[in-house]
Amino acid sequence: MKRTAVIFALFWELRPFARKMGVPFFKTMSRHIILEDRNIALIRCGMGRENAKKAAERIIKDFHPEVIVSAGFCGALMEDLKVGDIITSDLSDGKIFSSPRPLASYEDKMTAHREHKAVVVDMESEGVRIVAGKYNIPCIAIKAVSDGLKDDIPKSLFTFTSLSKLIRFKRSMDIASKRLSEFLLNYIKED
């Protein structure tokens, strides 16, 4: 298997995959998990392009990957995409719009789709692509839809107006993270 670095923004994107890889819970609290025996590094960078760029730079210097995967959640910009759907992109095909901020409403998502013609939105893949390109390292994005086109997402967990919305949001995250971890595990096994 090629030396692969997988960059996630958030803990709850990384943790289900790390668990499937046999990584103990407390080890997943670390921002960098290097599994030398499997030629894989798991990185949690935080949200946004700049955090993704910094994490990609660091893991390239520390781990020397042959391929980098930008993995995590994305928001649907088209109605036919549902929570848990997986989108893969070589980051040159226009499928992913990498936004500088979360697109929390239907109106924001529709505007992004009209302007960028992308099918999903994330906040990190462009940063990973920029750094991977600088070092001529192949890069792919593997994203799980965590919110549909018509699903408003909270600007903060404290902005939920009802317990049922919070439960629905958590359920969507669980579905997306489970599907993402399953897809990534198969991707890593095939590589």
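The values are calculated or read from the model by the stated rules, or taken from the named source; none is laboratory data. Quick caveat: nothing in here was measured; it's all calculated off a predicted structure. Cβ placement follows ideal geometry from the backbone for every residue including glycine, while neighbour counts extend to all protein chains displayed. These accessible areas exclude ligands, DNA and RNA; they are computed on the full protein's heavy atoms, side chains included. Shrake-Rupley method; radii C 1.70, N 1.55, O 1.52, S 1.80 Å.
Brief remarks follow.
- Peptides ranked, highest mean first, by Cβ atoms within 10 Å: ranges 102-114, 23-35: 102-114, 23-35
- Degrees separating the helix 106-116 axis from the principal Cα axis of the chain, which is the longest one: 60 degrees
- Accessible area expressed per residue, the chain, with surrounding protein chains retained (probe 1.4 Å, Å²): 51 Å²
- Alpha carbon centroid spacing (whole Å) that separates region 88-104 from region 1-73: 19 Å
- Shape of region 61-191, Cα gyration tensor, a/c cut at 1.5: prolate
- Shape category assigned to region 1-63 from the gyration tensor of Cα positions, a/c cut at 1.5: oblate
- Net dipole in debye of the chain [+1 Lys, Arg Cβ; -1 Asp, Glu Cβ; about Cα centre; nearest 20]: 520 debye
- Crossing angle, helix 49-63 versus the chain [Cα axis fit, 0-90 degrees, rounded to tens]: 20 degrees
- Dipole-positive endmost among Leu180, Ile140, Leu42 within the chain (Cβ charges, Cα centre): Leu42
- Rounded to the nearest whole Hz, the Karplus-based 3J(HN,Hα) values (6.51 cos²θ - 1.76 cosθ + 1.60, θ = phi - 60°) of region 163-172 follow the sequence 5, 5, 5, 5, 5, 5, 4, 4, 4, 4, with x at glycine and proline.
- Kirkwood Rh, Cα atoms: Rg over Rh of region 1-110: 0.98
- Counting only residues at least eight positions apart within a chain, or on another chain, the aspartates and glutamates with an alpha carbon under 19 Å from that of Lys150 are Glu79, Asp80, Asp85, Glu107, Asp108, Glu115, Asp122, Asp174.
- Across Lys95/Lys143; Lys2/Lys170; Lys53/Lys143; Lys117/Lys170; Lys109/Lys143, pairs whose alpha-carbon gap is larger than 22 Å: Lys2/Lys170; Lys117/Lys170
- Based on Cα contacts under 8 Å between residues 6+ apart, the chain shows a relative contact order of 28 percent.
- Percent accessible area from carbon and sulfur atoms, the chain, protein chains only, probe 1.4 Å: 55 percent
- A helix-only calculation puts the chain at -12500 deg cm²/dmol for mean residue ellipticity at 222 nm, using -39500 (n - 2.57) for each DSSP H run of at least four residues, averaged over all residues.
- Between helix 125-134 and the chain: long-axis angle, C-alpha atoms, 0 to 90°, nearest 10: 30 degrees
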